[in-house]
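Okay, structure first, notes after.
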Amino acid sequence: MSFNTFGRVFRFTTWGESHGPALGAVVDGCPPGLGLSEADIQPFLDARRPGTSRFTTQRQEPDAVRILSGVFEGRTTGTPISLMIENVDQRSKDYGEVAKAYRPGHADYAYDAKYGFRDYRGGGRSSARETAARVAAGAIARLVIPEVTLIAYVCELGGDPIDPARFDAGEIGRNPFFCPDAQAAKRWEAKVDAARKSGSSLGAVVECVATGVPAGWGAPLYAKLDSELAAACMSINAVKGVEIGDGFAAARLSGETNADPMRPGADGAPEFLANHAGGIAGGISTGQPVVVRVAFKPTSSILTPVETITRQGEASEIVTKGRHDPCVGIRGTPVVEAMVALVLADQKLLHRAQCG
């Protein structure tokens, strides 16, 4: 059994490999009549695109998207929307050593153990290259939730967090780290440069905030909004942890401190005095901003020698050559934003199906 589809009503399936001729997505369940063209998708792909700074992989991919179906005269038809992104800058020869031995921390051994063989060229299906298709699908999901504003940013890199007091949303697009703290971004330049020069890599934490989500999205018990968000974000390559609201920090609070007190609001809806729950209670949105944090591990493909074994089980050592992100969490930021959009679009349509 293979699982390449996510979602319940608004569903998407991704296809393709890192070094194949192309990759893409098929989006199904999109409402008809929404204005859609390649120009609506491309800006989000450009944000994730490799080779845009010295702090990311130098693979040069234009990531130009083509819509192959599901759109007529500039509007969605309600039928499957097929999206394709061509691969134009593969260097499969860089992975000759990977064919012989497993990269620790990567999916090499796990794929081989499951399938009996693997596509070693850039990791094949396990490569973060697949996330381009998610970002393209996420751009369509945004059309379904125009009432929601999404913003994602790196809030910690290499163990160095931003200062919330210096948060400036306008700064996110002015540096190569999607960082809302200009001083942190300057520190991170030196950290990432040092990691790259030493042949190592760094991890990062990405935070995504969705404002405008109305109360009522999500369903108990097995379509909880927070569990769907966690599943969506955990499916992203290199993600090892997801928090909603205060997340693990909530375990260190008292009941009264962790509570989100409510007072009567002007429009009849409650006015919340805190948001420790991250905008979700009982798996259902409360109307507050939905807050998700995602932890990315350091990139597994590094130039530092690491002990491993060959496919024959012999002791070996591997150095992963090629073009790799010194911190995969940086370009993971648009991916997190896309996955949150995809979940919210799906949950909106699920809510409408049951509650009108």
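Dipole magnitude for the chain: computed about the Cα centre from +1 point charges on Lys and Arg Cβ and -1 point charges on Asp and Glu Cβ, it is near 780 debye. Each label was represented as a point 7 Å from its Cα along the Cα-to-Cβ direction; for Ala99 and Thr211 these points are 5.3 nm apart.
In square angstrom, what is the accessible area per residue of the range 1-81 with a 1.4 angstrom probe? If you can, show how the numbers build up before the last one.
Values: 3920 Å² over 81 residues.
On a per-residue basis, 48 Å².
Each of Ala231 and His276 was given a label point 7 Å from its Cα along the Cα-to-Cβ line. The distance between the two points is 2.8 nm. Listed by chain and number, the lysines whose C-alpha is less than 29 Å from the C-alpha of Lys191, apart from same-chain residues fewer than 8 away, are Lys240, Lys297, Lys321. For the peptides 222-235, 253-266, the ranking by mean Cβ contacts within 10 Å, running from highest to lowest, is 222-235, 253-266. Computed from these coordinates, which is Cα extents along the principal axes in Å: [x] 80, 46, 34; [y] 66, 50, 38; [z] 60, 43, 39? Read-out taken from this structure: [y]. The relative contact order of the range 167-239, computed from alpha carbon pairs under 8 Å that lie at least 6 residues apart in sequence, is 12 percent. Using the average count of surrounding beta-carbon atoms within 10 Å as a protection proxy, the listed peptides 182-190, 272-280, 339-347, 202-210 rank, highest first, as 339-347, 202-210, 272-280, 182-190.
Subtracting the Cα-Cα distance of Thr5 and Ala266 from 0.36 nm times their residue separation leaves 89.7 nm of extension gain. Distance from the alpha carbon centroid of the range 141-166 to that of the range 221-254 works out to 15 angstrom.
Please give the FRET efficiency for Arg166 paired with Ala259, using the beta carbon to beta carbon distance and R0 = 30 Å, rounded to the nearest 0.05.
Numbers: r = 28 Å, r/R0 = 0.95.
That gives a FRET efficiency of 0.60.
When only DSSP loop residues count, what trypsin sites (Lys or Arg not before Pro) in the range 284-356 have their Cβ near at most 16 other Cβ atoms within 10 Å? Passing both the DSSP loop test and the Cβ count: Arg311, Lys321, Arg323.
Multiplying the residue separation of Ala353 and Ala250 by 0.36 nm and subtracting their alpha-carbon distance yields 33.8 nm. Annotation: extensible slack from Tyr115 through Val319 equals 71.0 nm (criterion: 0.36 nm per residue apart, minus Cα-Cα distance). The overall shape of the range 16-169, judged from the alpha-carbon gyration tensor, is oblate: a/c is not under 1.5, and a/b is no greater than b/c.
The values are calculated or read from the model by the stated rules, or taken from the named source; none is laboratory data. Only a predicted model underlies this, so the values are computations on that prediction, with no experimental measurement involved. Quick reminder, even Gly has a Cβ in these numbers, built from the backbone with ideal geometry, and neighbours come from all protein chains shown. Accessible surface areas use protein heavy atoms only, side chains included; no ligands, DNA or RNA. Shrake-Rupley method; radii C 1.70, N 1.55, O 1.52, S 1.80 Å.
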